[in-house]
1. Which helices (runs of 4 or more DSSP H) does region A:86-171 wholly contain that include 2 or more residues that are facing another protein chain (nearest Cβ under 7 Å)?
2. State all residues of region A:172-201 that are in a helix (DSSP H, G or I) and either surrounded by 20 or more Cβ atoms within 10 Å (Cβ to Cβ) or among the polar types (S, T, N, Q) (or both); if no residue qualifies, say none.
3. Give region A:74-85 a look and list any residue that's assigned to a strand (DSSP E or B) and away from every other protein chain (no Cβ under 14 Å), or say none.
4. Only one of A:ILE137, A:ILE129 is under 32 Å from the mean Cα position of the chain (by Cα) and crowded, with 18+ Cβ neighbours inside 10 Å. Can you tell me which?
5. Please work out which residue is nearest to the other protein chains (Cβ to nearest Cβ), limiting yourself to region B:105-156 and to residues that are of a type outside the set (A, V, I, L, M) and outside any helix (DSSP H, G or I).
6. Checking A:LEU291 against (1) touching a helix residue (DSSP H, G or I) at 6+ places or on another chain (Cβ under 6 Å); (2) among the hydrophobic types (A, V, I, L, M, F, W, C); (3) modelled with pLDDT of 80 or more, which test does it fail?
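The values are calculated or read from the model by the stated rules, or taken from the named source; none is laboratory data. Not measured: the values here are computed from a predicted model. As a convention, Cβ positions derive from the backbone with ideal geometry for all residues, glycine included, and neighbour counts pool all protein chains shown.
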Amino acid sequence: MTLSTAAGSAAPQEGVASAPMVLFEGISKRFGDDANAFVALDGIDMAVDRGAITGIIGRSGAGKSTLIRLVNGLEKASAGRVVVDGTEVGGLNDAGLRSLRREIGMIFQHFNLLSSRTAFDNIALPLEIAGFGAADIKAKVGPLLDLVGLGDKAERYPSELSGGQKQRVGIARALATSPKLLLSDEATSALDPETTQSILALLKQINADLGLTVLLITHEMEVVKTIATHVAVIDRGRIVEQGPTFGIFTAPQHETTRILLASTVGTNLPEWLRSGLKPEPSAGDRVLVRLTFFGATAFQPLTAQLVTEIGGSVNILAGAIEEIAGDPFGTLVVAYPATPDILDRANRFYAATGLATEVLGYVA
Amino acid sequence: MSPEMLFDLLWKSLLQTLHMVAVSGLVGSLVGLPIGIFLATSGRNELFPAPALNRAVGLVVNAARSTPFIILVVAIIPLTRLLTGTSIGTSAAIVPLTIATVPFFARLVEAAIRDVDKGLIEAARAMGATPMQIVFKVLLAEARPAILLAFTMTIVSLIGYSAMVGAVGGGGLGDLGIRYGYQRFMPEVMLAVVVVLIVLVQLVQSAGDALARRFDKRNRKS
């Protein structure tokens with residue numbers, strides 16, 4: 001069993017409560033009859049830390065929707081255990097499941113708001129379901145509308161709101177019963193990039209202010225990169241990689257992670273460059289090296305030093321600087337002559353500075 | 001026929017039609033509504049899974065709907081007599097009209113409820129709603145405009161059906177048209193009946209549309 005380590009910013013906020021908020025143990029899920037069953041999840045082991053924002057990323061059909069629905073019992077596992085805050089979900093009867101669900105908020109890609117209810121009444125729905133009286137509902141919904149920045153939109157119907165506003169109503173609704181866990185099912189996938197950022201900022205703020213644990217699934221690396229402190233990469237029903245977001249993003253181990261990353265982090269080579277790459281050098285070739293800056297190396301003028309070290313023949317081909325889970329991270333693709341002398345000097349420089357490097361190939 | 005007499009006949013027939021349509025429309029819809037809800041929620045993996053009963057009810061509903069109305073009227077005469085003590089007249093006509101309304105309205109309600117976005121059911125389940133709460137707070141609330149339109153359509157169909165119960169002496173506008181307009185060859189009576197029916201259907205449809213629009217919040221402009 002592999003557990004993600006509760007390191008860095010995702011440390012448990014309560015001393016006693018070091019047990020994870022959600023624990024998946026040996027989870028498998030098959031759909032259909034035994035003969036031609038479709039295996040959606042296959043041996044998932046994962047822990048969601050208390051108070052953290054954990055992202056599960058994968059391509060569509062990878063099984064992430066099924067996985068998140070196991071947490072509130074919308075799906076049942078075929079094998080294995082799901083434990084939410086000490087309670088095994090599979091062992092609950094209908095009534096027990098309903099009271100657990102009232103402690104877990106959920107937001108959806110298509111918002112799933114009732115078109116027949118105003119923003120106020122949509123947020124009131126989970127409270128009505130839980131049996132709150134009109135006065136209690138009124139006292140709770142007002143502050144929630146303010147929290148999500150829709151204080152003036154209480155009487156608007158969903159059809160009168162923009163996508164971002166609808167998701168804000170969805171978030172307020174998910175928070176109405178003061179849950180301990182928020183599940184986010186592709187909550188920003190139907191939104192434009194700018195709105196996505198504002199919704200992510202809101203989720204981040206709620207996580208920080210309320211100490212609410214957030215488990216989100218997405219196919220967008222951008223989402224994970226922006227708010228998740230921990231990430232699990234899921235592919236064909238299996239978790240192929242998991243750990244603190246920064247580590248996964250700066251040193252992806254699995255091919256699926258690399259592919260998902262390629263679109264967001266500046267690690268993509270231009271097509272004209274990639275097509276000319278050779279795995280072995282021939283005389284007169286130049287070597288292509290990717291330099292990765294993070295942690296201690298992120299703030300040093302290492303590029304200038306490299307140029308000084310190996311002479312003026314360094315070419316910068318691609319580069320990007322980003323922020324991942326709040327930490328700066330830079331990549332730079334450089335090329336220089338693949339002569340033994342220059343290679344030797346470069347390698348000594350890398351060893352001395354602790355710069356992470358990767359030889360991508362050789363070009364004529 | 002003097003205009004006064006014609007007016008008198010029209011008025012009496014109109015009242016009979018309204019009586020038949022109102023009673024059978026209300027009773028039939030009240031019975032049809034829960035059957036429609038059941039049909040829409042009792043399939044496999046639905047809120048109240050009972051696939052066998054769902055199929056059985058569906059079969060009965062289809063059988064009732066495929067029976068031509070005029071045959072239904074005659075076929076259930078024993079039942080009509082049992083319920084009303086007679087097999088002719090306006091009250092007797094209400095029985096087959098009601099029985100025809102139930103499956104008709106039930107299927108329309110079923111379609112209206114099945115049209116509700118499945119995501120809303122999932123969201124309500126995620127909130128910890130009971131199946132009953134989902135029916136009342138989500139499905140019926142969201143399907144209300146469609147159900148109101150279904151009710152309107154049912155009433156309009158009933159106005160048409162009610163013309164056929166003249167065959168069992170049910171009275172009403174259709175009966176008037178057949179007896180005076182056709183059998184006694186008085187085209188002015190036939191014309192008057194048709195005009196009154198057209199106006200009646202228009203009024204019902206407009207009222208139903210307006211009501212449905214009032215409850216439909218899906219396409220409001222901001």
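1. Output list reads A:94-101, A:119-129.
2. If the condition is that a residue be in a helix (DSSP H, G or I) and either surrounded by 20 or more Cβ atoms within 10 Å (Cβ to Cβ) or among the polar types (S, T, N, Q) (or both), then A:ALA172, A:ARG173, A:ALA174, A:LEU175, A:THR195, A:THR196, A:GLN197, A:SER198, A:ILE199, A:LEU200 are the ones that fit.
3. Within region A:74-85, A:ALA79, A:GLY80, A:ARG81, A:VAL82, A:VAL83 qualify.
4. A:ILE129 is the lone residue from the list that is under 32 Å from the mean Cα position of the chain (by Cα) and crowded, with 18+ Cβ neighbours inside 10 Å.
5. First, the residues of region B:105-156 that are of a type outside the set (A, V, I, L, M): B:105, B:107, B:110, B:114-115, B:117-119, B:122, B:125, B:128, B:130-131, B:133, B:136-137, B:142, B:144-145, B:151-152, B:154.
Narrowing further to those that are outside any helix (DSSP H, G or I): B:115, B:117, B:128, B:130.
Working: B:ASP115: 12, B:ASP117: 7, B:GLY128: 4, B:THR130: 7 Å.
By that ranking, first place goes to B:GLY128.
6. Every condition holds for A:LEU291 apart from (1).
Residues are listed down the side, and each one gets a yes or a no for (1) among the hydrophobic types (A, V, I, L, M, F, W, C); (2) touching a residue at least 40 places away in the same chain (Cβ under 8 Å); (3) loosely packed, with under 14 Cβ neighbours inside 10 Å; (4) farther than 24 Å from B:ALA146 by Cα:
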site: B:LEU10; (1), (2), (3), (4): yes, yes, no, yes
site: B:VAL31; (1), (2), (3), (4): yes, yes, no, no
site: B:ILE37; (1), (2), (3), (4): yes, yes, no, no
site: B:SER42; (1), (2), (3), (4): no, no, no, no
site: B:VAL61; (1), (2), (3), (4): yes, yes, no, no
site: B:THR67; (1), (2), (3), (4): no, no, no, yes
site: B:ILE94; (1), (2), (3), (4): yes, yes, no, yes
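Residue-by-condition table, conditions (1) surrounded by 12 or more Cβ atoms within 10 Å (Cβ to Cβ); (2) not in a strand (DSSP E or B):
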residue	(1), (2)
A:LEU273	yes, yes
A:PRO281	yes, yes
A:LEU288	yes, no
A:LEU291	yes, no
A:ALA298	yes, yes
A:ALA304	no, yes
A:VAL307	yes, yes
A:GLY312	no, yes
